Amino acid sequence: MNVDFIQNLKYKLSLPLPGREAQFLMAPSFRKSMTKYTVAAKAAVLLLLYPKNDEWSIVFIKRSDYLGIHSGQISFPGGKFDIPDTNMEDTALRETEEEIGVTATELTIIGKLTKLYIPVSEFEVYPVVGFTNTRPVFKIDPYEVQYLIEAKVKNLLNLSIRMERSYSDNYVTGIIPYFNIDSHEIWGATAMILNEFLTLIVD
């Protein structure tokens with residue numbers, strides 16, 4: 001495991017970020033804008049890095065099925081800003097503990113990526129980046145999470161997992177780019193945030 005990875009990442013997160021240009025590379029073709037047109041609710045997600053089998057990994061969650069726009073989707077742990085959160089880091093940490101059982105005392109926040117507006121749900125999402133020195137003991141909340149997907153960072157950099165598919169519903173038709181991780185499709189806002197992170201670490 002590269003012990004300098006986290007320090008290098010922390011330094012890069014302190015510099016100008018790849019931003020919307022990197023995010024937009026994984027945006028669905030029918031996404032109209034990266035800018036919010038309404039007063040958006042705030043939310044935060046956590047990109048949680050940790051060593052597994054001597055390699056840096058990152059965790060995603062498969063959301064439970066419910067009556068909502070993001071039902072059943074794959075995402076980073078996270079959720080809506082709420083009392084008693086004082087900032088977006090608090091939100092990311094609280095939601096991560098609620099969803100996958102990793103507490104704030106177990107991890108260290110090292111920076112943030114570019115915020116991203118999600119038109120379909122009218123949320124402005126703040127991606128927070130943190131790490132632990134050991135693989136966490138995950139305890140998922142089955143009400144919110146079906147299961148976890150753990151991916152090695154080096155595998156996420158493999159261009160062969162970047163794919164596209166057609167999409168059509170009653171409102172839009174177009175192409176969706178996605179990351180194929182062990183036959184799981186990571187697309188939409190999660191793919192856009194992930195792509196900024198990957199762009200950052202290879203620069």
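The values are calculated or read from the model by the stated rules, or taken from the named source; none is laboratory data. Since the structure is predicted, the reported quantities are computational estimates derived from the model, not experimental observations. Note that each Cβ is placed from the backbone with ideal geometry, even for glycine, and that neighbours are counted across all protein chains shown.
Note on segment 117-173: residues that are assigned to a loop (DSSP other than H, G, I, E, B), within 18 Å of Phe197 (Cβ to Cβ) and of a type in the set (S, T, N, Q) total 2.
Among the residues of segment 87-116, which ones are in a loop (DSSP other than H, G, I, E, B) and within 24 Å of Leu17 (Cα to Cα)? Write out each step before concluding.
Initial filter on segment 87-116 (in a loop (DSSP other than H, G, I, E, B)): 87, 101-103, 107, 113-115.
Within segment 87-116, Asn87, Leu107, Leu113, Thr114, Lys115 qualify.
Exactly one residue out of Asn170, Asn158, Asn180 is touching a residue at least 12 places away in the same chain (Cβ under 8 Å), out of contact with any Cys (no Cβ under 8 Å at 6 or more places or on another chain) and among the polar types (S, T, N, Q), and it is Asn180.
Name every residue in segment 90-120 that is small (Gly, Ala, Ser) and surrounded by fewer than 17 Cβ atoms within 10 Å (Cβ to Cβ), in order of residue number.
Going residue by residue through segment 90-120, those that are small (Gly, Ala, Ser) are 92, 101, 104, 111.
Residues satisfying the conditions are Gly101, Ala104.
Name the single residue, out of those in segment 27-65 being more than 30 Å from Asn133 (Cα to Cα) and surrounded by 16 or more Cβ atoms within 10 Å (Cβ to Cβ), that is modelled with the lowest pLDDT. This residue is Met34. Residue by residue through segment 1-26, note down the ones that are of a type in the set (A, V, I, L, M) and at pLDDT 95 or above. Across segment 1-26, the qualifying residues are Ile6, Leu9, Leu13, Leu15, Leu17, Ala22, Leu25, Met26.
Among the residues of segment 174-203, which ones are in a loop (DSSP other than H, G, I, E, B) and acidic (Asp, Glu)?
Step one: of segment 174-203, the residues in a loop (DSSP other than H, G, I, E, B) are 182-183, 187, 203.
Within segment 174-203, Asp182, Asp203 qualify.
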